[in-house]
Amino acid sequence: MKTLRATLNATPRSLSAAKDLAEAYIDYSRQVGDAHYAGYAEAVIAPWVRAAAPPAAALVIQATILQYRHQFDAARGLLQKTLEIDPRNAQAWLTLATLDMVQGDYETAAKDCAQVVSNAGIDIGLSCVGSLRSYTGQARQSLTLLQQVETAAARAPAGYQAWVQGLLAESAERLGDWPLAETHYRAALRLQPQDNYLLVAYADFLLDRSRPEEVLPLLADHTQSDTAFLRLALAQSALHSEQVQRSTWIMAARFEALRLRGSEYFGREESRFALALQHDPHAALEMALRNWQVQRAPWDARVVLEAALAAKQPAAAAAVLEFLQKTKLEDPILAPLAKDLRAQLQEP
Amino acid sequence: MRIARRSFPAPSTFGLMAIFRLMALLGSISVAASSTAVAHSASDAYLTLTAEKSSAAGRTIIHGQWDIALRDLDFALKLDEDGDGRLTWSEVRHHQSAIDQYAYRYLKIDAGEHNACSITPSRQMIDEHADGAYAALFFDAVCAHAPRKITLHYALFFAIDPSHRGIFVFKSDSNIATALLSPDNADINVGL
């Protein structure tokens, strides 16, 4: 990043130098789970975004930053604007596909992925289609497609390979194949040991498998990331550690700081926090339902179902239950929760 | 709670670690990451002003405390002299005057046009927040006469990180006000 910054300082009007530095900041921001770098990226690209006729490359970067901050509507607007300027912009199509998957609009995501296939090439296209299928009741196919991508990616950069390994792990989880999921998580972390997304996903996996003691060393050096910190606190709670009180206090203070700054919204994490650490199922349900209006990935469904069960309000989960039925999402963790809620709804 | 710590990590210098740059096209691709990899910790500073009316002397004194994250100051000023990724108490102390010079450039208070209140830094301490250590800058702003309102102009870090936010609290005998300072909301009027 130092070199890229020096290049930009030497050629301050070069969009390509700004783009390289902004992308490095965004990658790093994701990797370590630190939003500051997304802000630095925004400053770097700002002169082009503010231009009377902003170039497509700058708009895609700004959209990626907004998406990272969960400002999904604004991100979508910029991506559509990008595609008006440059209809074959592969990065814009892929980012849009991601957005549609996160928001549970799988029909539109399928069209986006088709555009990715024709504009970005078969391998990235297949990873788009492959991850989409893991959400639509075709996890077995998803795994097969992603395995093809894995083979083709054998010589790709480590970051890309780790991303594919993470997708494979997620698909294996959909199928309830825990040993396979773990193999892929570990492979991904061998490639990118500091990646916040992978560390947090693997920590969730370990928590679900009742292995909280392994979460503590995994995330010990990552307390700066709020998502990692939450998993540490959850692991401490599962282990009945004395530290959980202190961690709960710090986590609450961090959520309060986020609330004070007003812009961002992290309902999924807050709902888990309220349910598991503050033991407040009603608050957890309220946050989970609000989050569901914004994001609809499997974890977003899960926080609603868990909070609805704990709060004894099965009717509150109706929209999520309907979504699961419609999309045929396979998930061995969601299935029993949904079954319990449906049974409660049918009771007189 | 104030703790002068000997040493604490400065996450912004983790940049020294090698990072993987994907192929140009893959630069910002991350289907899976975008669904959950949210980094919550963003840049915040906390600014509290307490007005003390002193009609006898015919002027108004405003006491200020401004907490600024050391990691943000490190990004702007490179406080981590030895580049070891950790900020020590002595590194911060070495840069106290640089921190003052830098920060106060981005804070102005006036009591109407051509009537700036003069800001005098008094001391600096280290404040521990939930997300890390902050430099706490204490100052007094003196406004001539006894204005009925003042205007705050805030621009800290906006040029290098537009997502920075200043969390502002104002207290006087007759008024308590709060505001969220951002590039779109950088000039605030408060009644005394």
Tilt, helix A:122-133 to longest principal axis of chain A (alpha-carbon atoms), in degrees rounded to tens, equals 20
If you put +1 on each Lys and Arg Cβ and -1 on each Asp and Glu Cβ, how big is the dipole of the protein assembly as shown around its Cα centre, in Debye rounded to 20?
500
Counting Lys +1, Arg +1, Asp -1, Glu -1, what net charge surrounds B:LEU77 among other residues with beta carbon under 13 Å of its beta carbon?
-3
Stretch gain in nm, segment B:ALA159-B:ARG123, where the contour uses 0.36 nm per residue and the Cα spacing is subtracted
10.4 nm
Checking the stretch A:265-348 for trypsin sites (Lys or Arg not before Pro) in a loop per DSSP with at most 13 other beta-carbon atoms within 10 Å yields A:LYS312, A:LYS328
If you count the DSSP beta bridges with both ends in the protein assembly as shown, what percent of them are antiparallel, to the nearest 5?
90
Which FRET efficiency, nearest 0.05, do A:ASP73 and B:ARG59 yield, Cβ-Cβ r, R0 51 Å?
0.55
Can you pull out the trypsin sites (Lys or Arg not before Pro) in the stretch B:120-158 whose DSSP state is coil and whose Cβ has at most 16 other Cβ atoms within 10 Å?
B:ARG148
Rounded to the nearest 10, the angle in degrees between the Cα long axis of helix A:15-32 and the longest principal axis of the Cα atoms of chain A comes to 20
Run the numbers for A:ASP105 and A:SER210: contour at 0.36 nm per residue of separation, minus the present Cα-Cα distance, in nm.
34.6 nm
Contact order normalised by residue count of chain A, Cα under 8 Å, 6+ apart, percent:
12
Span per principal axis, largest first, for the Cα atoms of the stretch A:119-166 (Å):
30, 23, 14
Summed side-chain charge close to B:ALA111 - residues other than B:ALA111 whose Cβ falls under 15 Å, Lys, Arg +1, Asp, Glu -1
0
Whole-angstrom gap from the stretch A:264-321 to the stretch A:132-166, using each part's C-alpha centre:
29
Show me, for the stretch B:75-88, the HN-Hα J-couplings you get by feeding each phi into the Karplus relation (A = 6.51, B = -1.76, C = 1.60, θ = phi - 60°), rounded to Hz, glycine and proline as x.
5, 7, 10, 6, 6, 6, 4, 8, x, 8, x, 10, 9, 9
Note, ³J(HN,Hα) from phi for the stretch B:150-162, Karplus 6.51, -1.76, 1.60, rounded to Hz, x at Gly and Pro:
10, 10, 9, 10, 10, 9, 4, 6, 4, 6, 9, 8, x
Whole-Å distance, taken between Cα centres, linking the stretch B:140-172 and the stretch A:33-83
28
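Just checking the output field for A:36-46: average partner chain Cβ neighbours within 10 Å of each residue's Cβ?
6
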Nearest 10 degrees, 0 to 90: helix A:36-49 Cα axis against chain A principal axis
40
Compute the distance from the alpha-carbon center of the stretch A:218-262 to that of the stretch B:89-114, in whole Å.
32
Lys, Arg +1 and Asp, Glu -1 on Cβ, resulting dipole of the stretch A:60-170 about Cα centre, debye, nearest 20:
140
Among B:GLY112, B:PHE170, B:HIS145, whose Cα lies farthest out toward the positive end of the dipole of the stretch B:49-192, if unit charges sit on the beta carbon of Lys, Arg (+1) and Asp, Glu (-1)?
B:HIS145
Sorted largest first, the C-alpha extents of the stretch A:192-248 along its principal axes in whole angstrom are 31, 24, 14
Assuming R0 = 25 Å, what is the FRET efficiency of A:ARG290 and A:GLN243, from their Cβ-Cβ distance, to the nearest 0.05?
0.25
Per the protein assembly as shown, cysteines lacking a partner by the 4.7 Å Cβ criterion:
none
Based on Cβ point charges of +1 for Lys and Arg and -1 for Asp and Glu, what charge dipole magnitude is obtained for the stretch A:70-135 about its Cα centre, in debye rounded to the nearest 20?
80
Taking N as the number of residues in the protein assembly as shown, what value does Rg over Cα atoms divided by 2.2 N^0.38 Å take?
1.03
Evaluate E = 1/(1 + (r/R0)^6) for A:ALA154 and B:ASN189, where r is the Cβ-Cβ distance and R0 equals 56 Å; express this FRET efficiency to the nearest 0.05.
0.35
Among A:VAL200, B:ALA51, A:THR151, which residue has its Cα furthest toward the positive end of the charge dipole of the protein assembly as shown, with +1 on Lys/Arg Cβ and -1 on Asp/Glu Cβ?
B:ALA51
Each residue of the stretch A:184-196 in order: what ³J(HN,Hα) in whole Hz does its phi give by Karplus 6.51 cos²θ - 1.76 cosθ + 1.60, θ = phi - 60°, with x for Gly and Pro?
6, 4, 5, 5, 4, 6, 5, 6, 9, x, 9, 5, 4
Residue separation between A:LEU260 and A:ALA10 times 0.36 nm, minus their alpha-carbon distance, gives in nm 86.2 nm
Approximate spin-label separation B:ALA116-A:ARG342, in nm, with each point projected 7 Å along Cα-to-Cβ:
7.0
Per residue of A:61-69, what is the mean number of Cβ atoms on other protein chains within 10 angstrom of that residue's Cβ?
3
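No value in this document is a laboratory result; all are computed from the given coordinates. Computed from a prediction, not measured in an experiment: that's the story for all the values here. As a convention, Cβ positions derive from the backbone with ideal geometry for all residues, glycine included, and neighbour counts pool all protein chains shown.
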